[in-house]
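Read-outs throughout are calculated quantities, based only on the coordinates presented, and are distinct from any laboratory measurement. This one's a predicted model, so the numbers in the text were calculated from it and none came from an experiment. Cβ sites come from the backbone with ideal geometry, for glycine too, and all protein chains shown count toward neighbours.
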Amino acid sequence: MSKILVFTEFQNGKIKRSSQELLQFAATTGNTVAALVLGSTDGAQAAHHGATEVLFSADAGFNSYNPELFTVATAEAIQKSGATVVLASSSSTGKDLFPRVAAKIKAGVVSDGIEIKITGDDVKVKKPFYSGKCFATATFENTNVKIVLMRPNQLPVAAADVSKSATVTELTFTKPSLKTIIKDIVKGTSEKLDLTEANIIVSGGRGLKEAGNFKMLNDLADVLGATVGATRAVVDAGWVGHSMQVGQTGKTVAPSLYIAVGVSGAIQHLAGMSGSKVIVAINSDPNAPIFQKATYGIVGDAFEIVPALTAEFKKVLAH
Ligand SMILES: Cc1cc2nc3c(=O)[nH]c(=O)nc-3n(C[C@H](O)[C@H](O)[C@H](O)COP(=O)(O)OP(=O)(O)OC[C@H]3O[C@@H](n4cnc5c(N)ncnc54)[C@H](O)[C@@H]3O)c2cc1C
């Protein structure tokens, strides 16, 4: 039996859904599941999702992401835990941190996983290449530690089991003398889930005509509990911020439901959202490329359809 160490991420004191996915998946493999919790003493949440061991450090340095500090602590945690497989989210933190960790401990790392299979010590990871035009299955060779970064929303999540517990140990590590210090973080105002974590996304494109019309999407998103995304065309036009951009040069998302409104479906946009489970496209042009990817297509004027959908969802969800 091997040990799998899951790098857990928290937001507003709650373990992220992507970390829940990884812990629950790890627990199905029959291996020992350990969780690394940096910046909190809360090992219980990781235990409720399947970790039987928790390594934590509540050092104040972990309150915000500092690559130097996280690299040293994570590398030492992997070595101390004896884990041979490390799972983390292919989030911006994961993609920044783990190449550094891998270099430090001479481990192999595969990012952007969309499927994973662990049989004994054998790890296979499916990942897209060329903006999703083809897929490959990666394996590891000549490494004792295999690090896999999985895209969020690729693995199922069941409810937390609060009867489960874990042995909790404080991590001691060699503190580096930091060359960079984060002094202040200015947070955005949105209370909504980040796009990469969202289960439902309503995205708007140039078909919305102007910035003010995003209100229509916000109204629909509020009713559905969704996060609002956008195409690069509208980000470049200054209608919304870059953090909302989905696509090759924006965020990669994989929600259960992606509603694309006035979005043509350019290959660079599809690269970021074609992993969505159900895609609904609303476009006035029946030949728009987005319809080739859509599960359901609505040909028509977004300004008639979106308010009608919002009103209907409001009625249905009120019951
Ligand atoms: C290197 C590179 C990287 C890129 N990266 C990204 C990226 O990360 N993300 C991204 O999105 N793009 C990216 N792009 C840009 C991409 O090629 C497209 O230009 C962009 O996605 C188009 O955005 P859009 O669908 O909003 O606009 P358009 O292509 O102009 O489409 C607007 C759509 O709205 C429809 N429409 C118009 N009026 C209505 C109405 N009243 N009701 C309903 N539908 C209506 C039209 O039929 C049309 O299909 C990139 C391009 C390059 C070259």
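Under conditions of 25 °C and 0.890 mPa s, the range 162-277 yields 151 µm² s⁻¹ as its translational diffusion coefficient, taking Rh as the Kirkwood radius over Cα pairs in the Stokes-Einstein equation. Here the Gaussian network model covers the chain, with springs between Cα atoms less than 10 Å apart; of Tyr258, Tyr130, Tyr296, Tyr130 fluctuates the most. In terms of the mean number of neighbouring beta-carbon atoms within 10 Å, the peptides 286-295, 173-182 order highest first as 286-295, 173-182. Cβ crowding within 10 Å ranks Arg151, Arg17 as Arg17, Arg151, fewest other Cβ atoms first.
Remark: spin-label model distance Cys134-Thr28 equals 2.9 nm, labels positioned 7 Å along the Cα→Cβ axis. The label point for Ala60 and the one for Glu312, both projected 7 Å from the Cα toward the Cβ, are 5.5 nm apart.
DSSP finds beta bridges in the range 3-170, and of those with both partners inside it, around 30 percent are antiparallel.
Projecting the Cα positions of Gln11, Ala103, Ala288 onto the charge dipole of the chain (unit charges on Cβ atoms of Lys, Arg, Asp and Glu, taken about the Cα centre) puts Ala103 furthest along the positive direction. Computed over the chain, the range of Cα coordinates on each principal axis works out to 59, 44, 40 Å, biggest value leading.
Taking GluC sites (Glu not before Pro) in DSSP loop conformation with at most 15 other Cβ atoms inside 10 Å as exposed sites, the chain has its longest uninterrupted site-free stretch at 1-140.
Counted over the chain, the DSSP beta bridges are approximately 20% antiparallel. Cross-linked pairs Lys104/Lys293; Lys95/Lys192; Lys106/Lys251; Lys3/Lys133; Lys14/Lys215; Lys16/Lys80: Cα-Cα separations exceed 32 Å for Lys104/Lys293; Lys3/Lys133. The dipole here belongs to the range 1-90: it is taken about the Cα centre, uses +1 on the Cβ of Lys and Arg and -1 on the Cβ of Asp and Glu, and is about 200 debye. In straight-distance terms, cross-link reach from Lys315 covers every one of the aspartates and glutamates whose alpha-carbon lies under 15 Å from its own, apart from those fewer than eight places away in the same chain; here that gives Asp219, Asp222.
From least to most packed, judged by other beta carbons within 10 angstrom and beginning with the fewest, His242, His319 follow the order His319, His242.
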